[in-house]
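Notes follow the structure.
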């Protein structure tokens, strides 16, 4: 039941927030915070036990549409637990950083925010492919409204682009799901959308290859990886800060999660065959997006490209197909969630004060805004992969694991670690150093500082003691690698 | 004809009786309110006696009519939709309260009911003509309006041509087979499959039906008629008329044994694919909401046709189930969307340009939410019934491995998203123009809200509806 409430609480909270704001003209922020606190308590009450043998910590299965063998089947393992925790944490950040930024239609804003969270949490929990697709769409629509209603100057275009990219990807996934289900019925006689039942499918390699491609494209569009990344810079740049935080922090992770949860275990053989292509795409993403990031003059656009670059590491890690690299991919997902959220919050804070995102209009802020400077520097070096901070652990593990699978791709990917300092330090240089410009922003207030310190603590924890997190995802990851080893090896 | 047969026909008799009664009432006293209430009561009565027909089903009444679960389901759908249209009419015609619209509405509904229960070419044609002839004056009902008159004439001409094609097709099939009843046609279907007379006949019939369903390349009338007709009438054409014709096509296809023709399925598949693509692309270019919905309905008819083709290569039960569900979703959704337009409009001024919807969310939040739900359902977004409908289309066409058609549906849906969401974004825009005062429409808004709730409810819990449709589909197989 807790799993059901994990999804229901933000849904209800969203409705109440909207209603409260409509009736009383205020109070939606408090309602949203309350819903998130309840959600956090629910997550904590699950109290993960890393010593468990079964990877599933909790499951819930209800009938839904028996005609098609569709069930309301939720399940929580270490991997989903980590990602849901990240989602809730960033939910707080999104509400916190929009505290003063959003002053129009606040109720509707929090409604959309919480419904996005509910959709994302549903995606991380769903163990029925139809249900997964369902949540995949549910998180999309409120996000669309977040961008198109509270976004910046070019929001309609950006929101539409975001929606159409992900939706068409989603339709491809729906087709792949249906093809998988019908082929499974042909071989087993059972019509079922259930993940656990479909796991042992006996597809012929040709069909598996095509179906895997459908899933792969949907997830890679979301991730995103070159060549499907073009929606992301626009969406990020135009979204309100809270939207960017969720988009970079959590929504991109649903793509990576899909790759780990569905593509590898459902199609081990096809995934192994496809791995070189996927790793190459990942490596290209890392380098190409890093180069593009360097060339941006818009602060949020720059961070958006660094996200593409970091997600390239995730793609390389996932398709290196061994425990180390997969663990690294998961760590990168979490660490990037924190660091990208922090950088977007910084960019949002600057934009709220300066009404511009142009790096050219910034410079020499350190003297006037030392807190901003210190935190900006910290997350910039986190993004470039400084040891001791979260991103380093993830990227290191990815490269370590990747090296055992494909040396050339890993070498290529490793160049990303030399390009990252260039763009990351350049941000610090252009914003905080140099001669001060006329218009210098006020420093972080207490609220913003508090939020940032939470993220600082999180990234430090990940960097210094990642074992706690690795242990949590360990059971799931080793299950996957066992499947891969058993079925994925060439006959 | 037995007494039981009369009971099975009771819904049809009630509607026919109601139309006569309303006509007499008008002759005695011109009172729009009275005519409206008589109409509504007649329709509710017809719905109330439906369970009786269902209990007697399947009942063959003479050679012409077959009252089975399939017919009862679609009769229920048609009469409910017509009742909502009556409500819309009552709110819409403010300047010239003229009662005749209700008589026409009742006869058109009767035509639709005959269509879905016909089992014979003669009744097929009769039903279609009753429906079409009633529609001509309904479309041109705003006599002072040029566009409305033009639309009426346009529909008259094209409908006449398509009826002629249909009739000629029927005649050719009769010449080849010597039978007019669907079940008997099925018995000789194999024998005449190679007969060029029958082949030409079927193709002519499909062309005739294509006009009624506004499939590409027979779609040219659609946008003008949608735009010119009064909004409630547009809602009626978009929903009742198309659903009835499609329901008949399915029955003819299955009972008449036409589904065995593979070439025919290929032709229909092509028509479906072209309709999806052309409908969506043309809808993209519109700035008038009624025209946009017209083109989108072309695309939706294409989706149903694809499900239809896919179903006929699989098994007939899945065909009727998936097509039936999609038609249900299509009917409810279009009724809601055009209903909102109708509530906002009046016969003096139609609310049809997209600009007029700017900022609707802040002026008329409830109507805007209802319209949004309907648009999302048209776009096939989860949580709405439209998604389950589209799911059926995907499931059927993937099951049948019709990959080119699947690709068309994906592309069409992608384009569709853009223009449906565009309307939502326009409604969310903030233009603080002076809101036009809306006259109170006490019954319509709750009815539309109920419809929107139904859309969402059936989208989240489609299980019960699917069971109903399985029963309906079994009746046909």
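If you wrap the stretch A:314-452 in the convex hull of its Cα atoms and look at it from every side, the mean projected area works out to 8.5 nm². Quick one: P(r) of chain B from all Cα-Cα pairs, 10 Å bins, percents rounded to integers, in order of increasing distance. Calculated over all Cα pairs of chain B, the distribution is 4, 21, 33, 27, 11, 2, 0 percent. Available extension along the chain between residue B:281 and residue B:474 is 65.8 nm, counting 0.36 nm per residue and deducting the alpha carbon span. In whole angstrom, the stretch B:262-303 maps to an equivalent ellipsoid with semi-axes of 24, 8, 5, each derived as √(5λ) from the alpha carbon gyration tensor and ordered largest first.
Along each principal axis, taking the top coordinate minus the bottom one, the Cα set of chain A gives 71, 58, 43 Å in descending order. Our note on the geometry: Cα centres of the stretch B:1-37 and the stretch A:251-326, 68 Å apart. Post the alpha-carbon centroid distance, the stretch A:400-463 to the stretch A:1-73, in whole angstrom. Computed from Cα coordinates, the inter-centre distance equals 32 Å.
From most to least packed by mean Cβ count within 10 Å, the peptides B:149-156, B:130-137, B:272-279 give B:272-279, B:130-137, B:149-156. Counting, for every residue in A:163-175, the Cβ atoms of other protein chains within 10 Å of its Cβ and taking the mean gives 5. The ratio of the alpha-carbon radius of gyration of the stretch A:185-300 to the globular-protein estimate 2.2 N^0.38 Å is 1.28. By the gyration tensor of its Cα atoms, with a ≥ b ≥ c the square roots of the eigenvalues, what is the shape of the stretch B:101-211: rounded for a/c under 1.5, prolate for a/b over b/c, or oblate? Here the stretch B:101-211 falls in the oblate category.
Once you sort the root eigenvalues of the Cα gyration tensor of the stretch A:412-491 as a ≥ b ≥ c, which label holds: rounded (a/c under 1.5), prolate (a/b larger than b/c) or oblate (the other case)? The shape class here is oblate.
Counting neighbouring beta carbons within 10 Å and listing from fewest to most, the residues A:300, B:445 come out as B:445, A:300. The alpha carbons of the stretch A:244-383 stretch over 57, 23, 21 Å along the principal axes, in descending order. Ellipticity at 222 nm from helices only: DSSP H runs of n ≥ 4 in the protein assembly as shown, each -39500 (n - 2.57), divided by the residue count, give -25000 deg cm²/dmol. Hey, what angle do you get for helix A:323-354 against the long axis of chain A, alpha-carbon based, 0 to 90 degrees rounded to 10? The helix A:323-354 is inclined about 30 degrees to chain A. Relative to the 2.2 N^0.38 Å rule of thumb, the stretch B:212-277 has a C-alpha radius of gyration ratio of 1.29. Extents of the stretch A:90-172, largest first, come to 39, 27, 17 Å (Cα atoms, principal axes, whole angstrom). Axis angle, to the nearest 10 degrees, between helix A:467-487 and the longest C-alpha principal axis of chain A: 30 degrees. Exposure proxy ranking for B:102, A:423, based on other Cβ atoms within 10 angstrom of each Cβ and starting from the fewest, stands as A:423, B:102. Classify the stretch B:20-173 as rounded, prolate or oblate from the Cα gyration tensor: take a ≥ b ≥ c as the square roots of its eigenvalues, call it rounded if a/c is under 1.5, otherwise prolate when a/b beats b/c and oblate if not. Oblate is the answer for the stretch B:20-173, as a/c is 1.5 or above yet b/c matches or exceeds a/b. Shape analysis of the protein assembly as shown yields a ratio of the Cα radius of gyration to the Kirkwood radius, Rg/Rh, of 1.02. With q set to 0.09, 0.15, 0.18, 0.19 Å⁻¹, the log10 of I(q)/I(0) for the stretch A:24-163, from the Debye formula over equal scatterers at the Cα positions, is -0.34, -0.85, -1.09, -1.15. Going from the residue with the fewest nearby Cβ atoms within 10 Å to the one with the most, A:47, B:142 rank A:47, B:142.
Peptides B:385-395, A:457-467, A:431-441, B:118-128 ranked from most to least packed, by the mean per-residue count of other Cβ atoms within 10 Å: B:385-395, B:118-128, A:457-467, A:431-441. Against chain A, whose longest principal axis comes from its Cα atoms, helix A:205-222 is set at around 20 degrees.
No lab work stands behind these numbers, since they all come straight from the coordinates. No experiment lies behind these values; they were computed from the predicted model shown. Here the Cβ is made from the backbone with ideal geometry for all residues, glycine too, and neighbour counts use every protein chain on show.
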